[in-house]
Every structure is written in C-alpha cells, then in structure tokens.
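For reference, the structure discussed in these notes is given below.
The values are calculated or read from the model by the stated rules, or taken from the named source; none is laboratory data. Here the structure is a predicted model, which means the values were calculated and not measured. Because the Cβ atoms are built from the backbone with ideal geometry, glycine has one as well, and the counts that use them run over all protein chains shown. To get the accessible areas, we keep the full protein, side chains included, count just its heavy atoms, and leave off ligands, DNA and RNA. Shrake-Rupley method; radii C 1.70, N 1.55, O 1.52, S 1.80 Å.
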Amino acid sequence: MDNRRTFIKKAGLLTAVSIMPSCNLILPKKKEKLGVALVGLGYYSRDLLAPALQLTKHCELKGIVTGSPEKIPIWQQKYGIAAKNVYNYQNMHEIANNDEIDIVYIVLPNGLHKKYTIIGANAGKHVWCEKPMAMNVLECQQMITACAKNKVQLTIGYRMQHEPVTQQIIKWRSSKPYGMIQSLYAEAGFFSNPRDPKNWRLHKELGGGAMFDMGVYTLNASRYVTGLEPVAVTAKQYSERSAFIADETTIFDLEFPNDISATCKTTFAANINTLKVDCENGWYQLSPMQSYSGVRGTTSDGKTLSPFQGNQQAKQMDDNALAILNKKSPLVPGEEGMKDIKVVEAIFKSAANKSERILF
Ligand code: NAD
C-alpha cells in the first residue's frame, strides 16, 4: 500500500477525504523507489533476487523476513539492511507499521505461499509471490481475496512473461507470421541429485516435485503462446529414483480450442529447456526457453531473436513496481497464477487415475 493510502487508512480519514476534496492534508512525498522485503532467504532470494534488486530503478531491497538468525548479519552487511527492517515468521505481521516496506516478496517453499501472502496482505503490503502460486485453487482464491480486501496488488513471479524474446513470440499469437498455431511442444527440467533427502522439493507436503517446480513453465508457456485456456488434459507422472517422493517426471497433453494441442514434459532427471511452436506455414522455437539469460528464438525461415542483454529479474520487479506506482494492473496477477494451478490440479488427478482425460 502506498504511503498516502497507509496514512489515510491509519488516520481513519478515507471517507472524510473522499467527501472533502479541498482539505489541507500534507501528504508524504511519493517514493521514487518502493521498498521490498524478501520473505525467505534461500537460493532464489540469495543468488538472483537480491542481486537483481541492486539493479532496479523503481524498487529496492529494504527488508528481510527469515527464520535463520545466522543469515541476518550477512544480509545486513551485504545490503545495508536496517535492524528495524529485519523480521522473522512470527513477527512478520508487524511490517504493517513499517513505511519503508511497500512490498513483500514471498520466496518460500510452495506450500507456504498462501500463509505468508495473506500475512503480507493483511499487513497492508503489496505481495509478489513466487511461482507456482499455491498448492491448489482454493489457496489461490484465498490469496486473491486477502489482497483484494486489503486493496494491495498480488503478482506471481512468472518471469518469462516479462522476458523480451518471450514477449516477442507472445505478440505473434495475434500477428501470426507463420499462420495459425497447430501444436506446440514444451519441455523444462534439470538434472537434480539432491544431497538432503529431507529437501522440500522432493516431497509433496510443501509442494515439491518437478511439475510444481519446472512443469509450470511449460504449462504457462502453452497458455501464453496460444492465448487460450485448455479444454482437456491427460497426464502421467513417475519417479525412477526413490528419493523423489513427489513426481520426478510429469508428461501431459493439453487440448485447446481450434484443435490446437500441446505436449509438455518436465523432469528432475535431465536438463531440458525448449519450446517449439508448429504453425500452418512454418515454426518458431525458443531454446533455451526459461533460463535466467540467453533465451533465444529461431524460426523456420532462418530468423533469430537475439537474447535480452538485461537482467530478467530486475526487469520483472521494475515492471511490477511500476504497476503499483502507476496504479495499473500487474502483467501477471494472481488470477493468472490460479489458471495454471487449476490445470496442475487436473494433471495430478489425471495421473492418479491412469491418465484419465480431464475436461475443464
Ligand atoms: P530454497 O529451498 O533454496 O529456499 C527456501 C527458503 O525457505 C529457505 O531459506 C528456507 O530456510 C525457508 N523456509 C522457511 N520455512 C521453511 C520450511 N518449513 N521448510 C523449508 N524451507 C523453509 O528454495 P528456492 O529455490 O529459493 O525456492 C523458493 C521459491 O522460489 C519457490 O516457490 C520456487 O518455486 C521459487 N523459485 C522461482 C524461481 C524463478 O525463476 N522464478 C527460481 C527458483 C525458485
């Protein structure tokens, strides 16, 4: 929530202001950079988001929420974070009283996204939440409701939708340079050999498994490439290594309107990273399709879409900060994250029922 609304809300003046347009309230100066608090200081926060927040123009790293006290001095020293902007999971709600923090960015295991999104929203802060949005559609709805009730934005961390080469092929769904899309193939995964058998990514409880982690890239790509919602899905899931209690590999087929089909594969057993779109007069592909840099396009008539030279996460966070500052809808709102989770739920159901065809 911006400073003005926080002030007005705290002072209980919302009604008075709306009926007294000429009142002499002295409003705090509009911030040039919104303050972000990272919630969860694991791999993605440490290696990607915090460094990217040193490059952003419209937001900056101001706070942290962590359950690991040993990380606090390291982060404070590296990023100059004030002691008053350091929280843990028990006192995170007190962020409500901190005007330096405008946004909480939830970078926790997937099974914790809902809980901390709601705590952030109830504290009056805008919420950026990592993908996948949550464990099921009900959780997604609860997150959307909490953010709407508190009049804060909810944005899901689907970075590819902010990535310029990906945005170019998204535009092709209307300009159709190769004619109508007929089918697409998407694969995203990496070889993982986890040392800790308790790692949350291996287990179902906190939203582990390849589908939630990497499969959502292929699903989201199928939806943004076509601009359509699937009408049916069939899926199979399996784990060849016993450590992978949640799915090690998921393969699913999506049926879209107009006879468009998508085949998607995700796995923790191989490095795969390609999106190929077949159209009536040619094809285009991105390879890699979801890496942090180097996303590159090629086409059937020999064109190349050269990789973006900027920092993906910085662009994503600046796009999202500008949406808040300009009071515009974010590029990837909670509703978009929920559309994927609806399909993910059907994928799990289909796989559990011998690849049953699930209709939407
Ligand atoms: P991670 O395991 O490295 O970090 C998770 C953090 O959560 C750790 O700091 C851990 O201490 C903390 N945590 C708090 N409560 C916990 C609990 N009960 N169990 C386990 N950990 C707990 O994970 P990560 O790779 O940083 O992923 C975090 C989120 O970011 C996930 O939702 C993931 O999908 C997402 N992510 C997104 C991208 C992207 O490109 N958009 C990339 C990586 C991860």
- Message: Out of everything in the stretch 208-247 that is under 14 Å from CYS264 (Cβ atoms) and basic (Lys, Arg), what residue ends up being surrounded by the most Cβ atoms within 10 Å (Cβ to Cβ)?
- Response: ARG223
- Give the residue, chosen from ALA96, ALA134, that is open to solvent by less than 40 Å² (accessible area, probe 1.4 Å), more than 15 Å from the chain's Cα centre (by Cα) and in contact (Cβ under 8 Å) with a residue 12 or more places away in the chain. ALA96
- Taking the stretch 254-293 and keeping only residues that are surrounded by 15 or more Cβ atoms within 10 Å (Cβ to Cβ), polar (S, T, N, Q) and over 23 Å from the mean Cα position of the chain (by Cα), one is left with SER261
- Query: Does the stretch 74-84 contain at least one residue that is away from the ligand (no atom under 11 Å from the Cβ), touching a Gly at 6+ places or on another chain (Cβ under 9 Å), open to solvent by less than 30 Å² (accessible area, probe 1.4 Å) and among the aliphatic types (A, V, I, L, M)?
  - Reply: yes
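I'm trying to understand the selection: among the residues of the stretch 302-329, which are out of contact with any helix residue (DSSP H, G or I) (no Cβ under 6 Å at 6 or more places or on another chain) and under 15 Å from LEU61 (Cα atoms)?
MET317, ASP318, ASN320, ALA321
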- Output yes when any residue across the stretch 112-119 is more than 16 Å from the ligand (Cβ to nearest atom) and either open to solvent by 50 Å² or more (accessible area, probe 1.4 Å) or over 24 Å from ASN220 (Cα atoms) (or both), and no when none is. no
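May I ask you to verify whether LEU286 is within 17 Å of MET214 (Cβ to Cβ), aliphatic (A, V, I, L, M) and in contact with a Gly (Cβ under 7 Å, 6 or more places away or on another chain)?
Spelling it out, LEU286 is indeed within 17 Å of MET214 (Cβ to Cβ), aliphatic (A, V, I, L, M) and in contact with a Gly (Cβ under 7 Å, 6 or more places away or on another chain).
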- Message: Only one of GLN167, GLN161 is open to solvent by 50 Å² or more (accessible area, probe 1.4 Å) and either within 16 Å of the ligand (Cβ to nearest atom) or in a helix (DSSP H, G or I) (or both). Can you tell me which?
- Response: GLN167
